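Visitor: Quick one: structure below, then a few questions.
The values are calculated or read from the model by the stated rules, or taken from the named source; none is laboratory data. Being a predicted model, the structure only gives us computed values, none of them experimental. Ideal geometry is used to build each Cβ from the backbone, glycine not excepted, and the neighbour counts take in all protein chains shown. Keep in mind that these areas ignore ligands, DNA and RNA; they rest on the heavy atoms of the full protein, side chains included. Shrake-Rupley method; radii C 1.70, N 1.55, O 1.52, S 1.80 Å.
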Amino acid sequence: MKYSGFKVLWEGLKGNTGWKPMWRKPDPKKNYDIIIVGGGGHGLATAYYLAEKFNITSIAVVEKGWLGSGNIGRNTTIIRSNYLLPQNQPFYEFSLKLWENLEQELNYNSMVSQRGVLNIFHSDGQRDAFVRRGNAMLMSGADASLLGVDALKKLVPFLDFQNSRFPIKGGLWQPRGGTVRHDAVAWGYAKEADSRGVDIIENCEAINFLVKNGRCYGVETTKGVIKSKKVGVCVAGSSSQVMGKIGINLPIESHVLQAFVSEGLKPVIPGVITFGAGHFYVSQSNKGGLVFGGDIDGYNSYAQRGNLPVIEDVCEGGVALMPMIGRARLLRTWGGIMDMSMDGSPIIDKTNIKNLYFNGGWCYGGFKATPASGFCYAHLLATGKSHHNAKDFLFNRFEKGRLIDEKGQGNQPNLH
Amino acid sequence: MLIDHPLLGLRDSSEFIYMGDAKLLNRPNWKSKNSKTKFIDYGYLRKNPAGLHKELWYHEQGDRSWLVVTRNTVTHEILKVELARYLKRKANAK
């Protein structure tokens with residue numbers, strides 16, 4: 001289905017009777033070229049780019065629940081490319097460039113809104129670190145500028161500049177960062193993948209992999225056995241569960257990350273703002289709710305809900321940064337399961353089993369990576385070689401000592 | 001979450017620092033065969049189960065003891081709390 005302004009008008013006149021489902025509900029065929037396990041943002045993006053860029057359309061995406069029921073519908077919708085390390089930053093900038101053209105490419109309004117991402121700093125040392133980060137961003141072709149207090153007072157006058165413990169000294173500003181309507185990303189990719197012949201099979205759980213002589217040749221699912229030449233796993237928080245079915249232990253722990261939304265307020269927060277002295281980030285949705293979050297709870301969890309100490313901590317961070325939100329009421333909180341890797345960076349790689357591929361370890365940064373993750377995973381699945389922007393996201397970096405540790409925290413997933 | 005500390009009774013989990021899988025108590029011997037593979041496994045690979053998980057919690061804001069907590073990662077229910085040093089002594093005595 002093609003969408004256009006004319007179509008909206010036309011359907012308005014016809015009482016909206018002409019809209020059709022955006023993707024089919026096919027039963028699985030017996031054979032495919034590629035099966036993708038996991039119908040979240042990354043899995044659907046992978047299927048789309050395989051079909052669009054690599055001309056492979058015999059693809060099944062098997063999803064345990066309904067489409068987009070995992071982290072693609074649970075995140076805080078932020079896109080940005082403000083990383084430091086040379087293994088990460090070009091990848092995320094590649095992703096941001098794909099975001100910028102996503103709606104035209106998918107013919108779907110995913111509300112990509114480049115309202116800017118502002119990282120506040122509070123000390124001279126932090127300023128130096130952000131200058132370095134800004135330079136790394138510029139070198140990768142991204143945009144970044146350093147804002148002083150005067151510029152900040154014009155942009156975000158409501159911050160607590162004179163906070164005695166954490167006075168605000170400035171911010172690192174990426175105007176091209178912003179937010180995206182997260183569900184619409186899944187729907188848009190699903191629509192376009194489906195229209196190219198990809199079978200999206202919902203309510204179909206992968207129970208086991210079919211492996212013979214060290215080669216994977218399909219997946220056993222709740223809807224029967226499906227064979228394929230290659231299988232790509234892409235299941236975020238459930239990575240260890242799915243790969244554990246064939247005895248593969250991953251450098252990943254699953255942790256719960258909570259997100260929050262306040263009642264609807266008048267437009268007040270211009271873009272995305274992050275607190276530099278605690279862990280708090282906030283944006284305002286188009287409906288007016290403040291969408292915010294902070295640290296993961298910090299213990300292994302598959303519960304999709306967290307506990308109160310983190311809620312308190314996040315809200316304290318928010319009020320310390322912008323006291324004006326102290327009287328806004330919290331509307332909802334929820335949790336998602338993060339595939340926290342040992343160095344805070346993702347993996348897009350082959351496994352020890354031939355024809356079985358893995359994409360995961362996104363920690364709590366998977367949403368912004370969706371297009372590039374899908375693109376690079378599609379590249380790996382189609383060509384057998386890593387995409388140049390994802391060439392370091394390999395399993396063997398842990399044994400080789402080539403960790404990609406943005407925060408320098410070492411092999412403790414709950415600190416990344 | 002409340003953790004039933006064997007010496008101090010119910011304590012709020014926010015008094016603790018979480019260190020992950022209790023397999024970290026069993027550090028490989030560097031002189032053993034395949035010690036490199038064992039250390040890669042020890043340092044980086046985790047079972048990460050959905051269900052019962054034995055894990056290390058450090059009571060930093062309390063008596064600074066290390067606990068081995070058996071907890072369900074799906075429900076957050078805590079089933080058993082033991083002092084890591086007792087478990088280690090018991091294991092070493094064998």
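Visitor: Given H placed 1.01 Å from N in the peptide plane, which residues other than close sequence neighbours of A:GLY289 have an amide H under 5 Å from its amide H?
Guide: Under 5 Å from the amide H of A:GLY289: A:LEU265.
Visitor: Check which residues have an amide H placed less than 5 Å from B:VAL74's amide H, if you skip close sequence neighbours.
Guide: Residues meeting the criterion, in which the H sits 1.01 Å from N, are A:TYR302, B:GLY51.
Visitor: May I ask for the net charge around A:LEU265, where only other residues with Cβ less than 12 Å from the Cβ of A:LEU265 are counted and Lys, Arg are +1 while Asp, Glu are -1? Don't skip to the answer; put the middle values down first.
Guide: Numbers: positive: A:LYS266, A:LYS287, A:ARG327, A:ARG329; negative: A:GLU263.
Net charge in that neighbourhood comes out at +3.
Visitor: Anything in chain A that counts as a DSSP H helix reaching 18 Å or more along its axis (C-alpha) with Kyte-Doolittle mean of at least 1.0? List them, would you? Mind dumping the intermediate values first?
Guide: Values: long enough: A:124-139 (23 Å, -0.63); A:182-195 (20 Å, -0.69); A:308-321 (20 Å, 1.15); A:366-383 (24 Å, 0.55).
Both cut-offs are met by A:308-321.
Visitor: Name the long-range amide H neighbours of A:ILE252: under 5 Å, sequence gap of 5 or more, or other chain; modelled H, no Pro or chain starts.
Guide: B:ARG46
Visitor: Convert each backbone phi in the range A:57-69 into a coupling constant with the Karplus relation 6.51 cos²θ - 1.76 cosθ + 1.60 (shift: θ = phi - 60°), then list the ³J(HN,Hα) values in order as whole Hz, x for Gly and Pro.
Guide: Along the range A:57-69, the couplings run 10, 7, 10, 10, 10, 9, 10, 5, x, 8, 5, x, 8 Hz.
Visitor: Here's a follow-up. Treat every Asp and Glu Cβ in the range B:2-93 as -1 and every Lys and Arg Cβ as +1, leave all other atoms uncharged, and give the resulting dipole magnitude about the Cα centre to the nearest 20 debye.
Guide: On the way: 17 positive and 10 negative charges, 166 e Å.
The dipole magnitude comes to about 800 debye.
Visitor: I would also like to ask the following. What lysines does A:LYS266 reach when the alpha-carbon gap must be under 20 Å and sequence neighbours fewer than 8 apart in one chain are set aside?
Guide: Those lysines meeting the cut-off are A:LYS153, A:LYS154, A:LYS287.
Visitor: Leaving ligands, DNA and RNA out of it, work out the accessible area of B:ILE17 with a 1.4 Å probe and give it in Å² to the nearest 10.
Guide: Per-residue accessible area (B:ILE17): approximately 70 Å².
Visitor: Let me know the mean shielding of A:300-310 by other chains, meaning the per-residue number of their Cβ atoms within 10 Å of its Cβ. Don't jump to the answer; show the numbers that get you there.
Guide: Working: counts 12, 8, 10, 6, 1, 1, 1, 5, 4, 5, 1.
Mean shielding by partner chains, rounded to a whole number: 5.
Visitor: Find which of A:ASN119, A:ASN101, A:ASN88 sits farthest along the positive direction of the dipole of the range A:73-154, computed with +1 on the beta-carbon of Lys and Arg, -1 on that of Asp and Glu, about the Cα centre.
Guide: Highest projection toward the positive end goes to A:ASN119.
Visitor: Output ³J(HN,Hα) for the range A:210-224: one whole-Hz value per residue in order, computed from phi by the Karplus curve 6.51 cos²θ - 1.76 cosθ + 1.60 with θ = phi - 60°, and x for Gly and Pro.
Guide: 8, 10, 9, 6, x, 10, 8, 10, x, 9, 8, 10, 5, 10, x
Visitor: Can you pick out the pairs among A:LYS407/B:LYS88; A:LYS25/A:LYS97; B:LYS33/B:LYS88; B:LYS23/B:LYS94; A:LYS212/A:LYS350; B:LYS47/B:LYS80 whose Cα atoms lie more than 27 Å from each other? Could you put the intermediate results ahead of the total?
Guide: Working: A:LYS407/B:LYS88 32 Å; A:LYS25/A:LYS97 31 Å; B:LYS33/B:LYS88 23 Å; B:LYS23/B:LYS94 18 Å; A:LYS212/A:LYS350 17 Å; B:LYS47/B:LYS80 19 Å.
Flagged as over cut-off: A:LYS407/B:LYS88; A:LYS25/A:LYS97.
Visitor: Against the longest alpha carbon principal axis of chain B, how many degrees, from 0 to 90 and to the nearest 10, is the axis of helix B:84-93 turned?
Guide: Approximately 40 degrees, to the nearest ten.
Visitor: Now for a separate question. Let me know the Kirkwood hydrodynamic radius for the range B:2-93, please, with Cα pairs as the basis and the value in Å to one decimal.
Guide: It works out to 14.2 Å.
Visitor: First select every other residue whose beta carbon is under 10 angstrom from the beta carbon of A:GLY360; then total the charges, Lys and Arg +1, Asp and Glu -1. Spell out each step's value before the answer.
Guide: Details: positive: none; negative: A:ASP339, A:ASP349.
So the environment of A:GLY360 carries a net charge of -2.
Visitor: Given a 1.4 Å probe and heavy atoms of the protein chains only, how would you sort A:ASP27, B:ASP4, largest accessible area at the top?
Guide: On the way: A:ASP27 120, B:ASP4 85 Å².
So the residues, ranked largest to smallest area, are A:ASP27, B:ASP4.
Visitor: Between the range A:273-309 and the range B:9-29, how far is it from one alpha carbon centroid to the other, in angstrom?
Guide: When both Cα centres are located, 24 Å separates them.
Visitor: Moving to a separate point now. Just want the answer: with Cβ charges of +1 for Lys and Arg and -1 for Asp and Glu, which residue in A:PHE260, B:ASN29, A:LEU50 is farthest toward the dipole's positive end in the protein assembly as shown?
Guide: The one lying farthest along the dipole's positive direction is B:ASN29.
Visitor: Order of A:334-340, A:43-49 by packing, highest average Cβ count within 10 Å first?
Guide: Numbers: A:334-340: 24.3, A:43-49: 31.4.
Order by mean packing, descending: A:43-49, A:334-340.
Visitor: If you take each beta carbon of peptide B:33-46 and count the beta carbons of other chains within 10 angstrom, what is the mean?
Guide: That average works out to 4.
Visitor: To continue, here is another question. Please name whichever of A:ASN71, A:GLY38, A:GLY18 sits farthest to the positive end of the charge dipole of the range A:1-88, dipole taken about the Cα centre and charges placed at Cβ: Lys and Arg +1, Asp and Glu -1.
Guide: So the residue furthest toward the plus end is A:GLY18.
Visitor: Taking all protein chains together and a probe of 1.4 Å, list A:THR351, B:THR75 from the most accessible to the least accessible. Please list the in-between numbers first.
Guide: Working: A:THR351 25, B:THR75 65 Å².
So, going from the largest accessible area down, we get B:THR75, A:THR351.
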